[in-house]
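So the structure is just underneath, and the comments pick up after that.
Each value in this text was obtained by applying a stated rule to the coordinates, not by laboratory testing. What you are looking at is a predicted structure, and each value in this text was computed from that prediction instead of being measured. Ideal geometry is used to build each Cβ from the backbone, glycine not excepted, and the neighbour counts take in all protein chains shown.
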Amino acid sequence: MIIFDMGEYNLYVWSSVFISLLALFLAYYDAVSKHKDITRKIENRDQ
Amino acid sequence: MNLKAIYKYGSPPNFYRFVTKVEPWCLYFGLLLILIGSAGGLFMAPEDYQMGDAFRIIYFHVPSAYLSMSAYATMGFASIIGIVWRSNVAFSVAKSVAPFGALMTATALVTGMLWGKPMWGTAWVWDARLTSEFILLLLYLGYITLHASIKEQKRADRAASLVAILGIINLPIIHYSVVWWNTLHQASTISKLDSPSIVGEMLWPLLVMIFGYMFFFVAVICRASSAEVLVREKRSNWVKEI
Amino acid sequence: MAAYFQLFFRETKVAIKRWTDVLTGIILFFLIAILFPLISDSNKDFLLSIVGPIMMFSAFFASLLSMQNMFKPDFQNGTIEQLMLSKKSFVGLVFTKTFSFWVFTSLPLIVVSGFIASIYFVTGKDILIVQLTMFLSTLTMVNINAFTAAITLGIRYPGALMTLIITPITLPILIFGSKAIENSILGLDISGPLYFLTGMMMLSLFIGPWITASALKISMD
């Protein structure tokens, strides 16, 4: 666990990591859900 | 340079097929690079003699900021192509980049604040670089809002493109602001011409992270712009075959 | 050439007829600027330190409110379509329109700003610098406002959207404008900010009408 400890900057570093990864995830999730919506709509309309 | 190839990918069905094929490669490769870079930066790189462990935020702050600017450049370039060649594909790309770019800009600002607070005692200061990055966020939000407010598709595309193109002038201001003015933000560590002012073991995770973010960006844009192209072309024949 | 003068005279008549709209901007500017000395402890140092930002902010805010009337009435009664169809250069006509808007809303503002600056204990040569800064920045801002008004022309309730688009572009002007006024009061070198403001003004005078014309064309169809 020692390497996970960032000393007095623990809060700042890990919250930065969390926020950055969250942003990346949100971006991809948004793109994927848009894609799913439109493909589902097209399939529903075609059948 | 084979111009014919570019025109070929400008057509929606070819663009869709190309982008759908490319996306998984970029996604997995990008995620892999981000994983390696994070591990290297957070755990393997040695502690900075001045800043302690807090400097590790650089491995997330710099790629986000770098991407926020490249994304805007992509958006501006795609907008120019869309207006000049009236290309639906180009406008789709521009529209998809905007939310990603806004998220990256917000991340860069927030991680910068989290870095600034323990380091220099202040979360925010209105110096040139921070202010122009904030301006970048407003430009993204303006683009997204404008696009959403205009009901008609073509008009929305072209109006929002004008805003995107107008904002391109902000990019050199952000990039060179640390050179032109004395700001609180530190100067560039990586430059194209000089050797970097940062030691090797700290440098490689940073480069890996930047490349990882870039591939991830390409993957997200592939997915989002393919969705956007489908939305615009949903009545045409090639869509029925997918 | 005569067509442009004709347009200018037409704008004059319109401005006189709708003098309440014109006056709104000026009164707003006056009110905001006057309010600060009245509601704060009006000692000289404090007022001298805030006169730069206050001047720029009041001008910006007043222009925000008056810009909604720049193209909307003409859009609704079909004037803009007529201008687009005429043989004269549309960009030139847009320039005339923007310039006449500036003459009626911002020129009085520049005159009033001198008076307001004296309330803020600004003296002598600094008052001229304040007016010069107002001149340069309002000329730039009116072009940016024209573009924003043109691009949001079919949208209902465009207020917040306009602010969102305008702020990133206008922010450097506000920053350098208040820096020019502050430097002048402190006796420091004012040439830097003034050069920047002049550069931005030149740029906006050339690009502004062209990009406003494009925005109008986009909003028209």
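Numbers for the structure displayed
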{"read-out": "Flagged links, alpha-carbon separation over 22 Å, of B:K154/C:K217; B:K95/B:K154; B:K151/C:K88; A:K34/B:K240; A:K41/B:K95; A:K34/B:K95", "value": "B:K151/C:K88"}
{"read-out": "Binned Cα-Cα distances of the protein assembly as shown, short to long, each 20 Å bin given as a whole percent", "value": "20, 46, 30, 4, 0"}
{"read-out": "Karplus-derived 3J(HN,Hα), 6.51/-1.76/1.60, for each residue of region A:14-26, Hz, glycine and proline x", "value": "6, 5, 5, 4, 4, 5, 5, 5, 4, 4, 4, 5, 4"}
{"read-out": "Volume of the Cα convex hull of region B:55-241, divided per residue and given in Å³", "value": "133"}
{"read-out": "Sequence-distant residues sharing a close amide H with B:D48 (under 5 Å, placed H)", "value": "B:F55"}
{"read-out": "Label point distance in nm, B:F18-A:S15, each placed 7 Å from Cα along Cα→Cβ", "value": "4.4"}
{"read-out": "Within straight-line cross-link reach of C:K44, lysines at Cα separation under 22 Å, skipping those fewer than 8 residues along the same chain", "value": "C:K125, C:K179"}
{"read-out": "Relative contact order computed over region B:55-241 (Cα-Cα under 8 Å; 6+ residues apart), in percent", "value": "29"}
{"read-out": "Burial ordering of C:M55, C:M202, B:M119, fewest other beta-carbon atoms within 10 Å first", "value": "C:M202, B:M119, C:M55"}
